[in-house]
1. Expressed as a whole percentage, what fraction of the accessible surface of the chain belongs to carbon and sulfur atoms when a 1.4 Å probe is rolled over the protein heavy atoms?
2. Using C-alpha positions alone, give me the convex hull volume of the chain per residue in cubic angstrom.
3. Quick check for you: with a 1.4 Å probe and neighbouring chains kept, what is the accessible area per residue of segment 63-123, in Å²?
4. So what is the calculated 222 nm ellipticity per residue for the chain, using -39500 (n - 2.57) for each DSSP H run with n of 4 or more, over all residues, to the nearest 500 deg cm²/dmol?
5. Count charges around Val45 for me, please; just the other residues with Cβ under 13 Å from its Cβ, Lys/Arg as +1, Asp/Glu as -1.
6. Could you tell me how many cubic angstrom of Cα convex hull volume segment 6-64 has per residue?
7. Among the lysines, which have Cα under 27 Å from the Cα of Lys225 when same-chain residues fewer than 8 positions away are ignored?
8. Percent antiparallel among DSSP beta bridges with both residues in the chain, to the nearest 5?
Amino acid sequence: MDGFDDREKNELAIDGAALWEGCILASCVHGVMLPEYPFILPEHVWSGGIYVTRNEKGGKAALYFSENREVVLGMFQDFRSERTELVLSEQYAMSHYQDAPEEIRSMAEAMTFLFEARDGEKRLPFVTAGIWGEDGKIFCRDTQEDWLLHGGHVLETQMLPFEEAMERYRVHCSMDERRVEIAERIYRERIQSPSGQAVLTEEEIDALAVTGPYNMEACEEVFGKFGVLFAEEE
């Protein structure tokens, strides 16, 4: 880890509220595709204010958002990073937050359980990059380029403007027009009321059920984790 602790604190060019919206959009797309493709279940997970996402290349990110949609803490794991031979330790995981406030460091220490990997008989944190929020700004002990290189790229699509992200999801997920419409509608309703909820109509639920009727229970649970509910049958 020569020179690692010498890195300076950098402000990243990230809009925390826009990133939250990008994570909500990713989750809406995930939800509408889940009935047909249940194997994607672990790719986007919400638990309270924590959002966890995984990509197809061994990358993982966890973000903790405040109630006003600001990024409080972010943690990243990239098994393709050149740092992989250094990172399997609690000391290394916490070094990403060395310049953060004490409260953030405590949160980061608690969050490392999401990033454990096995080292012989032990399980230790495997964290290749980290970010945190202060006064509405987002900081990192990497430059923006290095942060993207060592894990930030996992959020590449979530950081795109809506139209670009939606087009990427449409192509990558082979979304038909109806599911595009449903994902966009509930996304817009959800972000208009960050502390509220959105509701899938009976017709929308039926449209999703056609693609995978046996997976709708899991679908409803996933949507409910980030404030999207199923309308009750009349």
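The values are calculated or read from the model by the stated rules, or taken from the named source; none is laboratory data. This is a predicted model, so every value here is computed, not measured. Cβ placement follows ideal geometry from the backbone for every residue including glycine, while neighbour counts extend to all protein chains displayed. Please note that ligands, DNA and RNA were not included when accessible areas were found on the heavy atoms of the full protein model with its side chains. Shrake-Rupley method; radii C 1.70, N 1.55, O 1.52, S 1.80 Å.
1. 47 percent
2. With only Cα atoms used, the chain gives 129 Å³ per residue.
3. On the way: 3590 Å² over 61 residues.
So segment 63-123 comes to 59 Å² accessible per residue, rounded to a whole number.
4. Numbers: 8 runs with 84 residues, N = 234.
Per the formula, -10500 deg cm²/dmol.
5. Numbers: positive: Arg54, Lys60, Lys225; negative: Glu43, Glu221.
After counting each charged neighbour, the total is +1.
6. In segment 6-64, the Cα hull volume divided by residue count equals 116 Å³.
7. Lys57, Lys60, Lys137
8. The antiparallel proportion sits near 90 percent.
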